[in-house]
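S.K.: Next up is a structure, given as structure tokens.
The values are calculated or read from the model by the stated rules, or taken from the named source; none is laboratory data. Since this is a predicted model, take the numbers as computed values, not measurements. Glycine also receives a Cβ, built like all others from the backbone with ideal geometry; neighbour counts cover every protein chain displayed.
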Amino acid sequence: MAPSRERRFRVLADEATPAIGAYLRRRLYPLGPAELDDLVEEVLLVAWRRLDDIPGDARIPWLIGVARNVLRNAVRQQRRRSLMEAQLRPVVSDAAAEDYVIADEGVRQALSSLNEDDREILLLHFWDGRSAAEIGVVFGTSTNVAAVRLSRAQDRFRKNFDVVNVE
């Protein structure tokens, strides 16, 4: 049974690593690029441990959900380190990685005014090209719930964008 499990994992890792790496690379800030490989490796370790729990029809979205949690944990650890280092030097507030990419100030402001989940749903859909069904897997919800959350996030974004552009 072990060779079969190992073979399944290798196929999964070969298929999913590019998508996982791309997802993490775009959201890596405030972590450094050197940490990308460690984060991908941690996602693959979770995949190995939970190989039988991964849904066959949504493997990549499930692993993106794992990557999202791994990244959140790494960012929390980074924040803890930064708080400890704050006694030695002042903390400089930096924008998110997406802010450096998004050139339109109105879009940037509208995105930054959203809560974290709304922003993540919009970025998953429009930036990563994930469907409502895949977003549902990432967030651990049904396709319908994900579609409603996506729709509501789009509405909030439009309202925020209209407010920013009126000012």
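S.K.: Any idea which of 50, 8, 26 is charged (D, E, K, R) and under 17 Å from residue 130 (Cβ atoms)?
M.R.: Criteria check complete, one pass: 26.
S.K.: Select from region 69-98 the residues that are modelled with pLDDT of 90 or more and either touching a Pro at 6+ places or on another chain (Cβ under 6 Å) or farther than 19 Å from residue 32 by Cβ (or both) and list them in ascending order.
M.R.: Passing the criteria: only 69.
S.K.: Shifting gears a bit: Are there helices (runs of 4 or more DSSP H) fully within region 109-167 with at least 1 residues that are exposed (fewer than 14 other Cβ atoms within 10 Å of the Cβ)? List them.
M.R.: Filter on region 109-167 gives 116-122, 143-166.
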